[in-house]
Amino acid sequence: MTEARTQELAKLLIVDDLPENLLALEALLRDDGLEIHAAQSGEAALSLLLEHEFALALLDVQMPEMSGFELAELIRGSSRTAHLPIVFVSAADHEPSYTFRGYENGAVDFLFKPLDALAVKSKVRVFTELYLKRRELRRQLIEVEAAHARQEQLLAELKQTQAELQRALRMRDEFMSMVSHELRTPLGVMTLDQSVRRDRLERGDLAYFSEERLRAMVARDARQLRSMTRLIDDMLDVSRIQHGKLSIRPSRTDLGELAQHIVDDYTVHFGQVPLHSRIEAGVVGDWDDSRISQVLVNLLSNALRYGEGRPVTVEVGATADGQARLAVTDQGRGISAHDQARIFEQFERGAAAGNSPGLGLGLFISRHFVRAHGGDIRLCSEPGRGACFEVLLPMSGQPQSSC
């Protein structure tokens, strides 16, 4: 008989102080597909009841030290065995008061000596089959409950997926709307300029294209092209991040020199806003200078855009625990706690953004660039007190290859 089949057998407890009676019952029931456990005393029976779950108990009534009736009272008094069917085996010949006491102590039936083999086997079979059916019903109930719980879990997951899909669709629509708007502005300017130039050329008015005016046109075209190029680069970076294909190519980089070059470039183009730098020498590490430059450009552009024309400060240094620190601080209107919790997500912008250009991707991209280096980016701000974005980068160890 296989192990799986053995586990399905019903267990039968027989209790009698006489070994020959136990042997006789075991011999009678051995071939009925039962796992039989025998005990010669009430104490031994109680020990077995703690170890096994029985389908039926056959108890001899007249035993020394603890009678079958006393044992039945103890069985009924335990929550573990309170519902165990008990059949008393007695030599008393159908004594009414004796039988009544047995039923009062929890008996479901009586067997009287000398035992009728067919009656014993029939009654044992009835109770064991009932037990097996109850056990199967419990198993099926557990399976149904587990299936119901799984169904509820799948339903919750489906609702979550549906909500995420709806959010993705909203984000896609918002994204397309913002992209259209952001592209329309530089394209509109360039289209208008091209129309003016074509009109002047068709009229033969070459004097219109003075050196000063040509320089202004070229500069204006360059700004619009930079705007569109940055927009396209941001969209490509977001795609790489979402698909886990963002590459990081580290090389030995002096963070102070990198930051100073960017500050100098911005000073030339945004001279109307005071731009200060506090650069500590010797902050060197293995970073992707192109990605870190983009992070600083994003932070610096935001600071100049929302700093309300007040001074902006760029700091580079090393922390006490050996990390590189890059910070950009403005003195603008600040960022509320509500906005701080979401501005690092894609397409999210703070309340101060208003109608300012941008897709709300800069901080999202910057955070992924920094984390791809094994670092972190933090924000410290209060409404009306400006904002400080702090980037921490490991100065040793290998950055992640992608995020």
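The values are calculated or read from the model by the stated rules, or taken from the named source; none is laboratory data. Remember, predicted model here, so these are calculated numbers, not experimental data. Backbone-built Cβ (ideal geometry, glycine too); neighbour counts: all protein chains shown.
Checking each residue in the stretch 304-317 for being at pLDDT 90 or above and crowded, with 17+ Cβ neighbours inside 10 Å picks out Val312, Thr313, Val314, Glu315, Val316, Gly317.
Consider Ser247 against the criteria (1) assigned to a helix (DSSP H, G or I); (2) of a type outside the set (Val, Ile, Thr); (3) under 23 Å from Ser293 (Cβ atoms): it satisfies all of them except one. Which criterion is unmet? The failed condition is (1).
Taking the stretch 60-115 as the search range and keeping residues that are modelled with pLDDT of 85 or more and of a type in the set (Phe, Trp, Tyr), which one is surrounded by the most Cβ atoms within 10 Å (Cβ to Cβ)? Taking the candidates together, the pick is Phe88.
This table checks each residue for (1) in contact (Cβ under 8 Å) with a residue 12 or more places away in the chain; (2) under 23 Å from Glu35 (Cα atoms).
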| position | (1), (2) |
| --- | --- |
| Asn105 | yes, no |
| Asp109 | yes, yes |
| Ser122 | no, yes |
| Lys133 | no, yes |
| Glu136 | no, yes |
| Ala146 | no, no |
| Arg150 | no, no |
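Considering every residue within the stretch 62-77, establish whether at least one is among the aromatic types (Phe, Trp, Tyr) and touching a strand residue (DSSP E or B) at 6+ places or on another chain (Cβ under 7 Å). No: the stretch 62-77 contains no residue that is among the aromatic types (Phe, Trp, Tyr) and touching a strand residue (DSSP E or B) at 6+ places or on another chain (Cβ under 7 Å).
Table: residues versus (1) part of a loop (DSSP other than H, G, I, E, B); (2) modelled with pLDDT under 90.
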| position | (1), (2) |
| --- | --- |
| Phe344 | yes, yes |
| Glu348 | yes, yes |
| Ala352 | no, yes |
| Pro383 | yes, yes |
| Cys388 | no, no |
| Val391 | no, no |
| Cys403 | yes, yes |
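Suppose the filter is among the aliphatic types (A, V, I, L, M), in a helix (DSSP H, G or I), closer than 15 Å to Leu379 by Cα and in contact with a helix residue (DSSP H, G or I) (Cβ under 9 Å, 6 or more places away or on another chain); does Leu299 pass it? When the stated conditions are applied, Leu299 passes them. Of the set (1) over 30 Å from the mean Cα position of the chain (by Cα); (2) free of Cβ contacts under 8 Å to residues at least 24 places away in the same chain, all apply to Gln162 but (1). Whenever a residue of the stretch 269-298 is over 13 Å from Ile365 (Cα atoms), its partners that are of a type in the set (Asp, Glu) and outside any loop (DSSP other than H, G, I, E, B), lying with C-beta atoms within less than 6 angstrom and at least six residues away or across chains, give the pairs Arg278/Glu315; Val284/Asp254.
Of the candidates Arg150, Arg139, the single residue that is basic (Lys, Arg), within 30 Å of Leu59 (Cα to Cα) and in a helix (DSSP H, G or I) is Arg139. Scanning the stretch 368-381 for residues that are on the phi < 0 side of the Ramachandran plot, outside any strand (DSSP E or B) and at pLDDT 90 or above yields a total of 4.
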